[in-house]
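This report concerns only the one structure given below.
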Amino acid sequence: MVSNHWKADEMERSVNLRAMQYAWAFLLVSLMIWVIAEYMSTGELLTIPLILILISNMIFFSVKLWLTKRMTAPGSENNEE
């Protein structure tokens, strides 16, 4: 039986990763501008955009730490020794 499952090659993964990085940076900057502009005009912090910024950064750094530990663990396929 022939599988029709398509797998992305290294170049496409790199392009997709770069696109996600730019989209994430755009959203982060947009939310920060929104929070700062609202704070300057009303003197109050918007909690929902601020919470979104904090949660997205927590997820980003948690996943980055987890993947780094997983890839550098002894016996890992990606560990070059």
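The values are calculated or read from the model by the stated rules, or taken from the named source; none is laboratory data. Source: prediction; values computed, not measured. Please note: Cβ atoms are built from the backbone with ideal geometry, for glycine as well, and neighbour counts cover all protein chains shown.
The table below lists the values:
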{"quantity": "Inter-residue pairs, beta-carbon under 9 Å, first more than 16 Å from A23 (Cβ to Cβ) and in region 39-60, second surrounded by fewer than 13 Cβ atoms within 10 Å (Cβ to Cβ) and not aromatic (F, W, Y), 6+ apart", "calculated": "Y39/L45; P49/S30"}
{"quantity": "Any hit, region 35-43, residues being among the acidic types (D, E), modelled with pLDDT of 90 or more and at negative phi", "calculated": "yes"}
